[in-house]
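Please treat every number below as a calculation from the coordinates, not as lab data. In this text, all values refer to a predicted model and were calculated from it rather than measured experimentally. FYI the Cβ positions are ideal-geometry reconstructions off the backbone, even for glycines, and counts take in every protein chain you see.
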Amino acid sequence: MTLMIEHCPIGCDSTIEKSDISLSEGRLRRCSACGHMFSACTLERYEQSMQEFDREQGTFIASENLQRQKKYIGRLLQNGVKQLDHSSSRISMLDVGCSSGSMLRIAKDMGFDVHGVEPAPKAAATASKQGFDVFCGFLHEAKFPAESFDFVSLFEVIEHLQHPLELAKEVHRILRPGGVWLIGTGNVDSWTVSFEKETWDYFNIASHGGHISFFTPGSMRLLAKRSDFEVAQLETRRVRLIEISHAKPLAYQASKLVRELLEVPARFLEKGHDLQVVLRKLG
């Protein structure tokens, strides 16, 4: 049986512990040095779960959610732009894991010069048919020239990676000095995980194919340090006490009231389950 991840994905040469979070793939494992957690799933199970992304619609945004998503993504992109250490008449952006092009469309409408990378052939073809410049494959296979981009985005992708440190070094290489890398992922050191444990939907590889690597604010900062980035901004948002699928309606409504009270302290203490990071290339 070949495990998808054998050692700390952040590069620590430390003891690997078993956590108290038990999933169908086995107990989540934790690096004793940095606290990063990762799945015990096999390579075969991982590859099977990733098949859900190889479809023409990709991460298509339904029309009823489009305006809300545009507002959300637009705010994140603007936060990243504010951290750029140089001015540019038109920001050159690469979206890694661009799927069928939903984020590329939003960024293009905001005036970005957009490009994408997507390993799922059907999703990449859909994005290309919309006129986007998309490389079908993995980032290191694209072999972009050094210092090609002002801005790289990686939303809900880094948790899928077996070797995030290798990707981080490649992002550093293709960014111009002062350029930024925008990352969105889950925070395993959150109050949501403390409350929900293994019932947190983000851990469920059947619901979220390929989720195998789970960051904390600390392991994200360590990833930045080891790939020569500085942390320009790091924040966490949102708290859940119980998944709607595991609660009776009245209990879930009551939990919503409590979690609203926890939103502000969760941001202050970095205990929200949505981890949003802007890393800047020094130079």
**Request:** List the number of the failed condition for Val171; all other conditions in (1) touching a residue at least 60 places away in the same chain (Cβ under 8 Å); (2) over 22 Å from Arg280 (Cβ atoms) hold.
**Result:** (2)
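Can you tell me which residue is surrounded by the fewest Cβ atoms within 10 Å (Cβ to Cβ) among those in region 161-185 that are over 17 Å from the mean Cα position of the chain (by Cα) and among the small types (Gly, Ala, Ser)? Quick ask: steps written out before the conclusion?
In the first step, residues of region 161-185 are kept if they are over 17 Å from the mean Cα position of the chain (by Cα); the result is 173-179.
When the remaining residues are screened for being among the small types (Gly, Ala, Ser), the result is 178-179.
On the way: Gly178: 16, Gly179: 29.
This residue is Gly178.
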**Request:** Grab the helices (runs of 4 or more DSSP H) fully contained in region 190-283, keeping just those with 1 or more residues being in contact with a Lys or Arg (Cβ under 7 Å, 6 or more places away or on another chain) and more than 24 Å from Lys82 (Cα to Cα).
**Result:** 191-196, 249-269
**Request:** For region 143-179, name all the residues that are over 22 Å from Ser89 (Cα atoms), in a loop (DSSP other than H, G, I, E, B) and among the charged types (D, E, K, R).
**Result:** Lys143, Glu156
**Message:** Suppose we filter region 244-261 for residues that are within 17 Å of Lys271 (Cα to Cα) and touching a residue at least 12 places away in the same chain (Cβ under 8 Å); how many remain?
**Reply:** 3
**Message:** Go through region 109-132 and report how many residues are hydrophobic (A, V, I, L, M, F, W, C), buried (at least 18 other Cβ atoms within 10 Å of the Cβ) and either in a helix (DSSP H, G or I) or touching a residue at least 60 places away in the same chain (Cβ under 8 Å) (or both).
**Reply:** 4
**Prompt:** Going by the conditions given, is Ile106 touching a Lys or Arg at 6+ places or on another chain (Cβ under 6 Å) and either β-branched (Val, Ile, Thr) or buried (at least 16 other Cβ atoms within 10 Å of the Cβ) (or both)?
**Reply:** yes
**Request:** Output the residues belonging to region 135-148 that are touching a residue at least 24 places away in the same chain (Cβ under 8 Å) and under 19 Å from the mean Cα position of the chain (by Cα).
**Result:** Leu139, His140
**Request:** Could you check how many residues of region 235-273 are buried (at least 16 other Cβ atoms within 10 Å of the Cβ) and among the polar types (S, T, N, Q)?
**Result:** 2
**Item:** Total residues in region 194-215, condition β-branched (Val, Ile, Thr), in contact (Cβ under 8 Å) with a residue 60 or more places away in the chain and surrounded by fewer than 24 Cβ atoms within 10 Å (Cβ to Cβ)
**Value:** 1
**Message:** Can you find, within region 78-93, the residue that is surrounded by the fewest Cβ atoms within 10 Å (Cβ to Cβ) among those that are touching a strand residue (DSSP E or B) at 6+ places or on another chain (Cβ under 7 Å) and part of a helix (DSSP H, G or I)?
**Reply:** Asn79
**Request:** Could you tell me whether any residue of region 184-192 is touching a helix residue (DSSP H, G or I) at 6+ places or on another chain (Cβ under 8 Å), free of Cβ contacts under 8 Å to residues at least 40 places away in the same chain and under 24 Å from Met93 (Cα atoms)?
**Result:** no
